[in-house]
Amino acid sequence: MTSGVRTSILGLVFAALLGVLVLRLWTMQVTDAEAYETRALHNQVRIVPTPAPRGDIFDANMVKLAGTRSALAAVVDLALVENGELEMLSRNLAAFLDEDSASILDDLENARGPQVTVARDLTEYQATFLAEHRETFPGVNIVPQPIRVYPLGEVGAHVLGYIGRPTAEDLERENVNGNTNVGKAGVEAFYDEQLLGTEGLVQYQVDAERKVLSLAAEEAPTAGGSLVLTIDIEAQAQLQQSLKDGLLLARSDEMEQRASELAKQSIAERLVEAQIEAEEQARQDAIADASTAEESSATDPGVDDDDVVLDPEPVKVDPATVLASLYPGLPIDSNGVCVPVQRVTVPLGGDASLSGVDPRFIRLDSIADTDGTLFATFTIGQEKFTVKDNQSFASTLQVLEVQEDKVILYHLDKWCPVRAVGTVLDPTDGSVIAMASYPSYDPTAFVDGLSDDQWAELSTVSAFQNFAVQGLYAPASTFKTVPYVLAMEENYYPMDRGLGDKQLVDDEQEGLPSVPLTSDTDEYNCSGEFKFELNDGTTQTKRDWLSRGHGGLDLHGALVESCDLYFWDIALRLWEERKDDSGLDKENLLQKYARDFGFGTASGIDLPFERDGLVPDRAWFQAEQSADSPRVRPDGPWVGGDLMDIAVGQGAMLTTPLQMANGYAAMVNGGTLFEPRVVSHIVDSEGNTIETLPTTIVREIDISPRTVQWLRADLQRVVNDLGSADKYGGTGKSAFYDSRGTNIFGEGVETIGGKTGTGEVIKSPGSEAFREVDNAWFIGVAPINNPEFVVSIVVERGGSGGRVAAPIARQVLQYLMNGPEGVTELRAGLDAD
């Protein structure tokens, strides 16, 4: 075959092959195009992220406090749902899940991301049904989703915190989407980044109509890091139980004191007496007005004698004002014990019962809109009240919210103990061993979302707040250790003003030398009153908590018996010498010592929402006054009396329970102020440490070993000095010894130290103790010669420190020193500052 023929044959072959190729391409693009397009659409892939399990949380002994369990969730992928299908899908989901369709539709239409979780923790039946009925539930995928669990419920709740749905700010974070649960409080919030893991991915094959055909691939999520706390959960449980029991004891004790007051004089007798006094006062006022009018008529011919009113208007006394805590309309529980607040909802046209020894009924007559503000009109008995949001009325009621068809009220008892707060700190490194605030909550409730009723009940008593770091209280006499250390370190003691009351303006004192005491062992006559002259020449009298006085006391005895006069006099001397030539800023020396020990500034603990507290001074006072702040008097300068208030932890001085524990820790450990912490280290899922949280020293405070030794000894006497015929003894003694002097603490009571405090909230005139409101404090230290524990207890509105706060601390210290078998029954001690 010639070469030309071969070439021709090859050309024909190539032409034929090319023709076949062209024909096939034409067939694919024209004849079979629709079929190929359908097949391509059938092979689309949709990627859905799956949430990562949060890291676990363990106590110091690796007891799990928070973890996760596997569950299935129904997640709607909005990219797979046509707009017109949303309402139908919402109705179908609501019917199947027994939920509200409007709520589901709202979640879908206002989604914060392409996927929306509409149901968590599905049963096997629910998951299977949804997966098998994709036509009825378009876009719904069944996705593995971890569920947060808190196996011990309320134990450790304020340290652990809780989780919830992300806010708009949270969604700006790279690793957070609309289905991510984020920390909202406690270590769940503070260490949220470390606890969050890495999301997994699920690939679904979807068809042309975006219906899921099958699972194409899956990448498992990675769990976050796990926290190991410094908390000992057994000590934590004891603290919480003691706080709960202590609050109940304080309320029962309050009721007993009210009953005792009424046994002295009945309600009817008190009201009659008040009516007589009010009428007499009205008569005196009328006489004074008449006298003024007569003087005016004598000089003014336009005033006639007939214009002078000699008879006063009828007087009506308010029973709630007269009776204060004895008022029978104050709220009570089903056991007849006071409660600080009850939430009451009154429907329009309906009524509600207001609990009390003498219950009342309230009816909501009408709600009217006036210029955009809703006003509600109520009837209680024969009286009518028209009120708006935040307004108080009828002695015990405050309006929380006026709505179109109902009003929500608070029924209040401002004398009833409201909460108990505690912290246990290791003074050697700042580790928090236990921390709690009661009332508390179970963080599990937040996993699926709180109901409106649950939220209302818990928020009414501020159960979500960690008052150990958020509560601000006047530290009262627990703060006296600060001027005590100042006196020891600066060799600075009160003036020796002779015997009798310390009257700076008493003529009999003029011949006495105005010289200070020279040592911590010089005796000072601590009588029941302290009088001093104000700038305007008038005399102010301050009274010691022990009205009969303490007699002669040195610095150490003054701390043991909590003599107010001794510490007032230190502050007054600082004030009087503020302009001397010593080179010391004496006006601010006490505040400097307070700030050195951490007061007035957040401690830096690894928990959110910590508050600073306040150490007031002239600059702060003037700034507040310029801003017309209600926290200071509107007129007059910063004066020595303000400094005297600070010296005994009153006035504008504010601290948190944690700050008190941390300040005491620095005093008894020799001067090291630590930054408290609740997390020791972070581990991975295998238990390997990936980050250690180091102990942080804020500052070293220069205090002498002698001061530390004496302070420890005096704190030990607060608990163990039983006193004598002429000496009161330690203010904390009755929590650790019975009335016969028998040890009720158990083994090691001699190693316990502490300090009581009674913070004034509402002062009472004269001897009307039933009008008083005080916060009860106790700071405990053990073992006193080598401190390992500092316990800080506050009972808000709990009375005196020695009566309830010290017994609560005693139980906690019993557990810490002698174990659970060493804890004895809680009982009230004696009233002591």
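The values are calculated or read from the model by the stated rules, or taken from the named source; none is laboratory data. On a predicted model such as this, the values are computed, not experimentally measured, just so you know. Quick reminder, even Gly has a Cβ in these numbers, built from the backbone with ideal geometry, and neighbours come from all protein chains shown. Just the protein is used for accessible areas: all its heavy atoms, side chains included, with ligands, DNA and RNA removed. Shrake-Rupley method; radii C 1.70, N 1.55, O 1.52, S 1.80 Å.
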task: Can you give me the ranges of the helices (runs of 4 or more DSSP H) entirely in the stretch 553-617 with at least 1 residues that are closer than 14 Å to I646 by Cα and under 26 Å from the mean Cα position of the chain (by Cα)?
output: 589-596
- line: Among R740, R706, the single one that is outside any loop (DSSP other than H, G, I, E, B) and open to solvent by 70 Å² or more (accessible area, probe 1.4 Å) is R706
query: What is the residue count in the stretch 737-786 for residues that are aromatic (F, W, Y) and at pLDDT below 95?
result: 1
- request: Filter the stretch 110-136 for residues that are assigned to a helix (DSSP H, G or I) and of a type in the set (G, A, S) and give the result.
  value: A127, A131
- line: Residue count, the stretch 380-427, condition open to solvent by less than 10 Å² (accessible area, probe 1.4 Å) and within 30 Å of V790 (Cα to Cα), comes to 9
- line: Being of a type in the set (G, A, S), over 24 Å from the mean Cα position of the chain (by Cα) and part of a helix (DSSP H, G or I) narrows G687, G641, G636, G663 down to just G641
message: Could you go through the stretch 623-637 and let me know if any residue there is within 25 Å of R712 (Cα to Cα) and modelled with pLDDT of 95 or more.
response: no
statement: Residues in the stretch 539-552 that are in a loop (DSSP other than H, G, I, E, B) and in contact (Cβ under 8 Å) with a residue 60 or more places away in the chain total 3
message: Are there strands (runs of 3 or more DSSP E) fully within the stretch 370-416 with at least 1 residues that are touching a helix residue (DSSP H, G or I) at 6+ places or on another chain (Cβ under 7 Å) and among the polar types (S, T, N, Q)? List them.
response: none
task: Among residues belonging to the stretch 188-219 that are surrounded by 14 or more Cβ atoms within 10 Å (Cβ to Cβ) and among the small types (G, A, S), point out the one that is modelled with the lowest pLDDT.
output: A216
message: Between L65, L108, which is in contact with a helix residue (DSSP H, G or I) (Cβ under 8 Å, 6 or more places away or on another chain) and within 25 Å of V45 (Cα to Cα)?
response: L108
- prompt: Checking A286 against (1) under 25 Å from V678 (Cα atoms); (2) among the hydrophobic types (A, V, I, L, M, F, W, C); (3) in contact with an Asp or Glu (Cβ under 9 Å, 6 or more places away or on another chain), which test does it fail?
  reply: (1)
task: State all residues of the stretch 573-584 that are open to solvent by 10 Å² or more (accessible area, probe 1.4 Å) and closer than 20 Å to T481 by Cα; if no residue qualifies, say none.
output: R573, W575
task: Give the residues of the stretch 428-458 that are assigned to a loop (DSSP other than H, G, I, E, B) and either modelled with pLDDT of 95 or more or open to solvent by 20 Å² or more (accessible area, probe 1.4 Å) (or both), sorted by residue number.
output: T428, D429, G430, P439, S440, Y441, D442, D448, G449, L450, S451
message: Tally up the residues in the stretch 97-143 that are under 40 Å from the mean Cα position of the chain (by Cα) and small (G, A, S), please.
response: 6
- prompt: more than 18 Å from K384 (Cβ to Cβ) and within 24 Å of the chain's Cα centre (by Cα) - does that describe any residue in the stretch 348-367?
  reply: no
message: Taking the conditions exactly as written (surrounded by 11 or more Cβ atoms within 10 Å (Cβ to Cβ) and either farther than 24 Å from S266 by Cα or at pLDDT below 95 (or both)), does V317 satisfy them or not?
response: yes
- prompt: Residues of the stretch 543-563 being under 22 Å from E760 (Cα atoms), open to solvent by 30 Å² or more (accessible area, probe 1.4 Å) and in contact with a strand residue (DSSP E or B) (Cβ under 8 Å, 6 or more places away or on another chain), which ones?
  reply: R543, W545
- prompt: E686 fails exactly one of the following numbered conditions: (1) of a type outside the set (A, V, I, L, M); (2) closer than 30 Å to T68 by Cα; (3) at pLDDT 95 or above; (4) open to solvent by 50 Å² or more (accessible area, probe 1.4 Å). What is the number of that condition?
  reply: (3)
